[in-house]
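Report on the structure given below.
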Amino acid sequence: MALGTESGRYLSFSRDEWALLRAATPLTLRQAGLDELRGINERIDLDEVATVYLSLTRLLNLYVAATQNLQKVSSTFLGKMAPKVPYIIGVAGSVAVGKSTFARILQALLARWPDHPKVGLITTDGFLYPNRVLEERDLMNRKGFPESYDTKRLLEFLRAVKSGASEVSAPIYSHVVYDIIEGESVVVEQPDILIIEGLNVLQVGSEANEFVSDYFDFSIYIDADENDIEQWYVDRFLTLCKTVFQDPNSFFRHYAHLTTEQAVETARYIWREINGRNLRENIAPTKARASLILRKAADHRVTDVHLLRL
């Protein structure tokens with residue numbers, strides 16, 4: 001039985017149709033492991049993992065295997081062993097849409113496949129300019145917009161990874177201090193798969209002849225109605241006021257003692273002036289560049305999936 005309907009450049013699947021493509025892929029994640037991967041206010045259960053993620057990991061496993069075979073063919077043709085090159089997956093979408101949790105779960109599941117146990121994960125937050133640079137350029141209120149990223153450094157990182165370098169380092173960003181941690185980095189050591197998660201990974205960069213997405217083998221866009229995403233952002237902000245913002249080292253500690261009404265008003269203002277604008281102006285327009293689009297409903301559950309036709 002054929003599954004999916006054609007929709008322009010994409011094959012579209014309902015939730016139930018997509019779930020059938022899981023075939024015999026086993027659920028290797030347990031509730032305790034899922035709890036550790038889940039982000040703030042993320043409502044995801046094992047049924048969602050089985051219904052949505054297992055079909056996706058099966059598809060990606062097939063793609064990775066095909067790419068690895070192609071690399072072997074190329075090495076045979078050239079008569080020499082080529083360096084190990086990671087399969088790179090980009091994950092894009094708005095603030096508060098659930099990218100980080102999605103990327104962590106995807107990493108955990110892909111690492112359980114026998115052919116690619118080494119799966120790395122990097123967020124583009126580490127490639128934001130340090131606050132001192134953003135302040136000099138009057139960009140603190142545009143953090144997350146394309147111009148707030150050191151795109152050149154991100155491209156250099158991806159170029160090194162794709163060249164097969166044995167070790168490549170990336171900066172680390174702290175959401176507590178809201179800044180790059182000077183002198184600290186995460187090292188990527190030739191993983192089988194590398195997931196790159198961030199707001200702007202599908203956007204056209206400032207380099208005229210080179211884009212971040214040029215280095216992706218596969219890309220995923222997490223989509224939802226803006227009104228739903230805004231509500232998720234407000235809910236997360238309220239939770240942060242009671243948790244992370246209470247930390248004396250938190251950049252946002254001045255929000256910790258807001259009343260609920262004040263916190264909601266503040267969150268909606270930030271959404272209206274920063275995150276919502278960034279979504280509409282820069283992030284959402286890149287959706288059509290993704291290899292796969294996952295559409296979420298107000299309850300965070302994926303309702304339909306759109307796969308780019310080859």
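Note: relative contact order over the chain, using C-alpha pairs below 8 Å and six or more positions apart, is 25 percent.
Farthest towards the positive end of the charge dipole of the chain, among the residues Ile40, Leu106, Ser163, is the Cα of Ser163, using unit charges on the Cβ of Lys, Arg, Asp and Glu. Computed with the Debye formula from one identical point scatterer per Cα of segment 1-135, without solvent, the log10 of I(q)/I(0) at q = 0.11, 0.15, 0.16, 0.19 Å⁻¹ comes to -0.55, -0.92, -1.01, -1.23.
What angle do you read, to the nearest 10 degrees and between 0 and 90, between the alpha-carbon axis of helix 260-270 and the longest principal axis of the chain? Computed tilt is about 60 degrees.
Restricting segment 142-208 to trypsin sites (Lys or Arg not before Pro) that sit in a DSSP loop and have at most 12 other Cβ atoms within 10 Å of their own Cβ leaves nothing.
Rounded to the nearest 20, the size of the Cβ-charge dipole of the chain about its Cα centre is 740 debye, with Lys and Arg at +1 and Asp and Glu at -1.
Test of understanding: what is the full-extension gain from Arg153 to Glu182, defined as 0.36 nm times their sequence separation minus their Cα-Cα distance? The partial results should precede the final answer.
Details: separation 29, 0.36 × 29 = 10.44 nm, distance 1.52 nm.
Net length gain for the segment: 8.9 nm.
A simple spin-label model places the labels of Asn131 and Arg277 2.1 nm from each other, with each point 7 Å out along Cα-to-Cβ. A DSSP coil position with no more than 10 other Cβ atoms inside 10 Å describes the following trypsin sites (Lys or Arg not before Pro) in segment 47-127: Lys80.
Across segment 156-255, the relative contact order, built from alpha-carbon pairs under 8 Å that are at least six residues apart, equals 24 percent.
Listed by chain and number, the lysines whose C-alpha is less than 27 Å from the C-alpha of Lys162, apart from same-chain residues fewer than 8 away, are Lys72, Lys80, Lys84, Lys99, Lys118, Lys152, Lys287. Our note on the geometry: Cα centres of segment 83-119 and segment 234-303, 22 Å apart. Applying the Kirkwood pairwise sum to the alpha-carbon positions of the chain produces a hydrodynamic radius of 20.6 angstrom.
Projecting the Cα positions of Tyr149, Ile274, Leu307 onto the charge dipole of the chain (unit charges on Cβ atoms of Lys, Arg, Asp and Glu, taken about the Cα centre) puts Leu307 furthest along the positive direction.
Read-outs: derived from the displayed coordinates by stated rules, not from any lab. The structure displayed is predicted, hence computed values, not measured ones. Cβ atoms come from the backbone with ideal geometry, glycine included; neighbour counts cover every protein chain shown.
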